[in-house]
Amino acid sequence: MSKHFHNIKIGIDEDLEEKISWLVPDFSTYKILKKSVDARQRHSPHLVYSLEVFEKNETPPSKQIVLEKISKAPSQPALIIGAGPAGLFAALRLLERGIPVRLFEQGSIAEKRLFKINRFWRYGELNERNNVGFGEGGAGLYSDGKLITRIKSPYIPYVLKRLVDFGAPEEILYLSNPHVGSDKIRRLIPKLRQHIIDQGGLLHYDTKICEFLFDSHNQLTGVKTENSELYHGSQLILACGHSADDIFYHLSELGVFMEGKSFAMGLRIEHSQKIINQIQYREFSEHPKLGAANYRLAHHDKKTETGVYSFCMCPGGYVLSSGTKSGQLVTNGMSNFNRSSKYANAAIVVSIDHKKSFGEKNIFAGLELRNHLEKQAFDVVQKAGGTKQLPKQKVIDFIEKRLGSVDKGSTPSGSVPARLDLLFNSQFHQYMQQALEDFDRKMKGFINPEAQFYGVESRTSCPLRITRNKETLESLSHKGLYPTGEGAGYAGGITSAACDGILVADKIYETLSSQILKVDVHDE
């Protein structure tokens, strides 16, 4: 019978299998359940494992995902808007449950989307339907492929296993900070797409939904495209992402219940990866087993209950121009799987309490602030003589509120010097300065002459929530409408969005199954 071992410490120059042979002398093989790096002790960084070890003549059992299917498929497919993680995994799960699906995505397939994005970075030609925010794969396609999540969901193993099935590295199943890398996730999304098609899924790319149709009882009846094509259905999974402003305003016009949600905004900081490695790993910073170091930082202002924290940290990564609207600029970060860039970047953002900042009447106040700051960032670049570049300021110049020179960085769009400190109010600057000083105490050298800020980091999460019923997961006001993922305010990353898509898909399965059961009982 296999044996489980937890918190097994292995020095960076020690051999794991040698350690296992001491624990189980006649072991045949083993399975890594969890692996992490512990560099808290200055002179002895080590790896920490949880293992399942199989004794002689034992082999690991193969685990197959087997789901119950609906006894009678509905006549109309479930409708899905958005081909990001939430939408794609919802489609996958519904099909595995025997429920037909029809998915709409205003952008193109990943391969064509990449071409449009590259033209934007190189020439500044923004395609408002194919960019870092929109298109197959969603915003997560260009955010490092990070699979780290703080949620506790029974669907996480399913999501990771399915990603491995479609080409993700198997290590994501056990690493404490798993990531696929933007290069690898771009290759697995087409495989996921083809699998959905092979299972009977109907996918409509380059198809924008402009109208949601409801009857007099606010029950969903279908959707209409920009070409006035009608598609009928009584369930709609809305997985539009956190940047679909047009959909949010349309829902408001229909009277769909929404509420303002707290969020965070700020700037993206970039360091030399070598500096981050030295801060975190010290004299072991070049050791090949440790790789590119990361960090997670947080600061709390007790007087105002305002938090400042790092978000979407990308070791060995790149800073990206990630706007979705003409005349606006947004930053984001990504890494490829091997994290080989010379730079490390992360968002440093200030939390914004929606109720305290805007009250309760204007649910779109967060969206308005976001659009205002992104427009300001664009205008700053234009005034500096730039076209497609990102505005940049050294961290020490941000603190001292002055314009200075900037160094070359990782962004493929280039950058221009700008007074990023002027984009925000004085209170924001105070929060950021206090946090930076605190971060420098925790990571000595975090503030250094090479560190640079890019602006603006404004798409950390959606600043509103399309509120849903806790039991049915439908909209509070409109039946058959299932707000899902980041755009609905119920997720914050690839894994959590995918899990939310599965959660909603399973709820639809349960609802349809109970309806079939009631009909069968009535017929008897």
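Filtering region 69-89 down to residues that are more than 22 Å from LEU238 (Cβ to Cβ) and in contact (Cβ under 8 Å) with a residue 60 or more places away in the chain, which residue is surrounded by the most Cβ atoms within 10 Å (Cβ to Cβ)?
LYS72
Which of the numbered conditions does GLY11 fail, given that it passes all the others? Conditions: (1) exposed (fewer than 13 other Cβ atoms within 10 Å of the Cβ); (2) over 20 Å from ASN277 (Cα atoms); (3) not basic (Lys, Arg).
(2)
When you go through (1) more than 28 Å from the chain's Cα centre (by Cα); (2) part of a strand (DSSP E or B) one by one for GLY455, which number turns out not to apply?
Unmet for GLY455, out of (1) more than 28 Å from the chain's Cα centre (by Cα); (2) part of a strand (DSSP E or B): (1).
Return the only residue of GLY241, GLY222, GLY266 being assigned to a strand (DSSP E or B), touching a residue at least 60 places away in the same chain (Cβ under 8 Å), among the small types (Gly, Ala, Ser) and within 25 Å of LEU473 (Cα to Cα).
Of GLY241, GLY222, GLY266, the one residue that is assigned to a strand (DSSP E or B), touching a residue at least 60 places away in the same chain (Cβ under 8 Å), among the small types (Gly, Ala, Ser) and within 25 Å of LEU473 (Cα to Cα) is GLY222.
Return a yes/no flag: does region 129-137 have any residue that is of a type in the set (A, V, I, L, M), closer than 26 Å to GLN106 by Cβ and either crowded, with 19+ Cβ neighbours inside 10 Å or touching a helix residue (DSSP H, G or I) at 6+ places or on another chain (Cβ under 7 Å) (or both).
Scanning region 129-137 turns up at least one residue that is of a type in the set (A, V, I, L, M), closer than 26 Å to GLN106 by Cβ and either crowded, with 19+ Cβ neighbours inside 10 Å or touching a helix residue (DSSP H, G or I) at 6+ places or on another chain (Cβ under 7 Å) (or both).
From the residues in region 57-87 that are within 18 Å of ASN131 (Cβ to Cβ) and assigned to a helix (DSSP H, G or I), which one is farthest from the chain's Cα centre (by Cα)?
GLY87
Testing SER108 on (1) surrounded by fewer than 18 Cβ atoms within 10 Å (Cβ to Cβ); (2) touching a Phe, Trp or Tyr at 6+ places or on another chain (Cβ under 9 Å); (3) touching a residue at least 40 places away in the same chain (Cβ under 8 Å), one condition comes back false. Which one is that?
Only one criterion in (1) surrounded by fewer than 18 Cβ atoms within 10 Å (Cβ to Cβ); (2) touching a Phe, Trp or Tyr at 6+ places or on another chain (Cβ under 9 Å); (3) touching a residue at least 40 places away in the same chain (Cβ under 8 Å) is unmet by SER108, namely (1).
Grab the strands (runs of 3 or more DSSP E) fully contained in region 271-338, keeping just those with 2 or more residues being within 29 Å of VAL381 (Cβ to Cβ), outside the structural domain of ILE117 (by TED's automatic domain parsing) and of a type in the set (Val, Ile, Thr).
In region 271-338, the matching strands (runs of 3 or more DSSP E) lie at 306-314.
Taking region 288-345 only, how many residues are surrounded by fewer than 17 Cβ atoms within 10 Å (Cβ to Cβ) and at positive phi?
Total meeting the criteria: 3.
The values are calculated or read from the model by the stated rules, or taken from the named source; none is laboratory data. Not measured: the values here are computed from a predicted model. Positions of Cβ are generated from backbone atoms using ideal geometry, with glycine treated the same way; all protein chains shown enter the neighbour counts.
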